Amino acid sequence: MTLPTVPPPPPSSTAEPPVVRHVEIAISYILRVGVILSLSLIILGIAITHVRHPEFRTETMPLEAASKVAPIFPYTTADTLNYMEHFRGRGFVVAGILVLIFIPVASTIASIFAYARLKDRAFVLISVGILLVLLVGFVIGHLQTPTHRGPPPPPTTEP
Amino acid sequence: MLYSLTPLSFTLIAFVFALFAGTLGSLLGIGGGIIMTPVLSQLLQVDIRYAFGASIVCVLATSAGSAGAYVRQHMANLRVAILLQLATAVGAVTGGVLLSFAPKRTLFVLFGLAMAFTAFMMVRKRINPRATVPLDPLADRLHLHGHYHDTDTGQHIAYRVTRSKIGLVLMYIGGILSGLLGIGAGSIAMPTLATMRLPFKVCSATSNYMLGVTATATAGIYFAHGWINPFIVGPVALGVFCGATIGTRLVHRIHTKVIRIIFVIILLITAIQMLKKGFTPPDNPTTQPTSASEVHP
């Protein structure tokens with residue numbers, strides 16, 4: 001490749017206008033709020049699980065069995081809410097994870113508005129594109145849901 | 001049985017490993033998925049699908065936990081991150097669709113090759129940051145160039161971004177691998193960003209922010225598949241959050257060279273383990289006889 005080259009710019013020429021910092025501050029704020037919310041739900045969920053299952057503290061089992069003690073858990077948003085209503089720890093953990101999954105979506109939405117304010121059309125379009133691809137991904141994921149598993153049983157039937 | 005433990009100790013062990021993965025993940029910009037998958041599937045005997053589910057959550061948590069700090073400190077190059085996110089998200093969706101058709105052992109081989117490739121890219125000859133870079137009209141038009149303050153050396157460093165089109169192609173491939181393997185594409189993102197001539201610390205910060213979107217696309221699909229098992233994922237997410245916070249503080253105190261060496265070592269170990277798993281004759285892939293000897297070497 002014989003592309004023309006350019007030297008790196010001097011540091012003094014790169015001061016960012018304050019409005020660009022606003023994009024960064026907005027996104028980092030969303031990330032922080034999301035993390036705190038997600039973290040709280042997950043901690044609460046783990047605590048509830050171990051309070052409801054005192055045997056998890058005493059009952060020893062082979063290593064392969066330890067990760068399989070809670071094989072039934074919600075994997076749709078409706079089930080997650082149902083589990084939370086019944087105050088099941090795994091419902092709260094999954095809700096925390098759903099918040100975690102939503103954080104990048106929220107920061108992408110924030111960047112659409114932030115770049116629109118900067119009148120930066122290219123980056124508004126790119127951000128909108130990302131959002132659309134994510135939505136397509138969620139829809140595909142939903143369509144691909146294996147039907148043979150069937151819905152998880154209602155939480156009340158479990159100990 | 002070699003090991004017996006209570007579910008509570010399982011939770012605690014998973015937490016400790018995740019703490020470690022989160023710290024390294026945020027330092028190295030790799031999300032920590034490549035650490036969590038082998039730990040869970042080989043050391044803790046978790047079903048490989050749940051291990052992938054936990055690993056993608058690990059990437060999400062590392063990204064969310066560290067990117068906030070990196071973006072605020074102006075370490076991450078947001079414009080590069082957002083541009084490449086588009087390619088990587090499309091790739092992740094492609095990978096998620098292919099997932100139903102890809103056999104497990106092929107996945108291990110792909111994973112191992114991805115790691116070995118990254119390690120190779122990282123030990124290549126170092127680039128002089130003051131050297132000239134190829135002109136990139138796309139990078140100019142999108143104003144991708146940036147600067148940051150390196151508190152380790154006390155320097156303010158400006159850099160020009162280049163080869164943005166190659167970056168887009170590489171990140172599309174990275175996205176596909178992410179969708180297939182739950183690795184968040186960090187191990188591809190790092191060498192890609194280095195190829196685009198971002199300084200190493202900017203690479204890891206940018207990669208961390210970028211990974212969130214890739215992982216989200218994949219995580220949505222895994223969640224719908226029922227691969228996000230809260231009993232396993234809960235302590236992992238918690239540990240990774242704590243680790244990522246530690247990582248964003250450590251990055252200012254550690255020399256880039258040290259970070260890079262740790263990175264290459266981890267990649268090589270993982271690559272060997274994964275390739276071994278991919279080439280081991282089948283049995284039940286989750287309970288191979290080889291994994292017992294790995295627990296107790």
Checked B:Leu99, B:Leu78, B:Leu110, B:Leu43 against criteria (within 17 Å of B:Met196 (Cβ to Cβ) and either over 14 Å from the mean Cα position of the chain (by Cα) or buried (at least 22 other Cβ atoms within 10 Å of the Cβ) (or both)); the one match is B:Leu78
Of those in the range B:84-93 that are at pLDDT 85 or above and open to solvent by 10 Å² or more (accessible area, probe 1.4 Å), the residue farthest from the other protein chains (Cβ to nearest Cβ) is B:Ala87
If we take the range A:7-78, then helices (runs of 4 or more DSSP H) inside it with 1 or more residues that are farther than 15 Å from B:Pro7 by Cα, at pLDDT 80 or above and more than 8 Å from every other protein chain (Cβ to nearest Cβ) are A:18-52
For B:Gln45, indicate whether it is touching a Phe, Trp or Tyr at 6+ places or on another chain (Cβ under 9 Å) and in a helix (DSSP H, G or I).
no
Report task. Determine whether B:Ala271 is crowded, with 18+ Cβ neighbours inside 10 Å, touching a His at 6+ places or on another chain (Cβ under 6 Å) and assigned to a helix (DSSP H, G or I). Result -> no
Checking A:Ile112, A:Ile101 in turn, the sole residue that is at the interface with chain B (Cβ under 8 Å from one of its Cβ atoms) and modelled with pLDDT of 90 or more turns out to be A:Ile101
Of B:Thr23, B:Thr37, B:Thr6, the only residue that is of a type in the set (S, T, N, Q) and touching a Lys or Arg at 6+ places or on another chain (Cβ under 7 Å) is B:Thr6
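Matching residues to (1) closer than 16 Å to B:Ile228 by Cβ; (2) over 15 Å from the mean Cα position of the chain (by Cα):
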position: B:Ile13; (1), (2): no, yes
position: B:Phe20; (1), (2): no, no
position: B:Ser55; (1), (2): yes, no
position: B:Ser66; (1), (2): no, no
Among residues of the range B:8-40 being within 13 Å of another protein chain (Cβ to nearest Cβ) and among the hydroxyl-bearing types (Ser, Thr, Tyr), the residue surrounded by the most Cβ atoms within 10 Å (Cβ to Cβ) is B:Ser26
When you scan the range A:82-92, do you find a residue that is facing chain B (nearest Cβ under 7 Å), touching a Leu at 6+ places or on another chain (Cβ under 7 Å) and open to solvent by less than 50 Å² (accessible area, probe 1.4 Å), even just one? no
Exactly one of B:Ile232, B:Ile221, B:Ile228, B:Ile259 is β-branched (Val, Ile, Thr) and surrounded by fewer than 24 Cβ atoms within 10 Å (Cβ to Cβ), and that residue is B:Ile259
Within the range B:148-185, the residues that are within 14 Å of another protein chain (Cβ to nearest Cβ) and under 17 Å from B:Ile30 (Cα atoms) are B:Gly167, B:Met171, B:Tyr172, B:Gly175, B:Ile176, B:Ser178, B:Gly179, B:Leu180, B:Gly182, B:Gly184, B:Ala185
> Scanning for something out of contact with any Pro (no Cβ under 9 Å at 6 or more places or on another chain), hydrophobic (A, V, I, L, M, F, W, C) and open to solvent by 10 Å² or more (accessible area, probe 1.4 Å), does the range B:202-215 turn up at least one residue?
Replying inline: no
Counting only residues in the range A:115-143 that are open to solvent by 50 Å² or more (accessible area, probe 1.4 Å) and at the interface with chain B (Cβ under 8 Å from one of its Cβ atoms), the one modelled with the lowest pLDDT is identified as A:His142
Residue count, the range A:40-60, condition out of contact with any Gly (no Cβ under 9 Å at 6 or more places or on another chain) and either surrounded by fewer than 17 Cβ atoms within 10 Å (Cβ to Cβ) or farther than 22 Å from B:Leu238 by Cβ (or both), comes to 6
Scanning the range B:47-72 for residues that are surrounded by fewer than 24 Cβ atoms within 10 Å (Cβ to Cβ) and more than 9 Å from chain A (Cβ to nearest Cβ) gives B:Ile48, B:Arg49
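The values are calculated or read from the model by the stated rules, or taken from the named source; none is laboratory data. Bear in mind the structure is a predicted one, so any value in this text is a computation, not a measurement. Note: ideal-geometry Cβ built from the backbone for every residue, glycine included; neighbour counts use all protein chains shown. When the accessible area is computed, the model is the full protein with side chains, heavy atoms only, and any ligands, DNA or RNA have been set aside. Shrake-Rupley method; radii C 1.70, N 1.55, O 1.52, S 1.80 Å.
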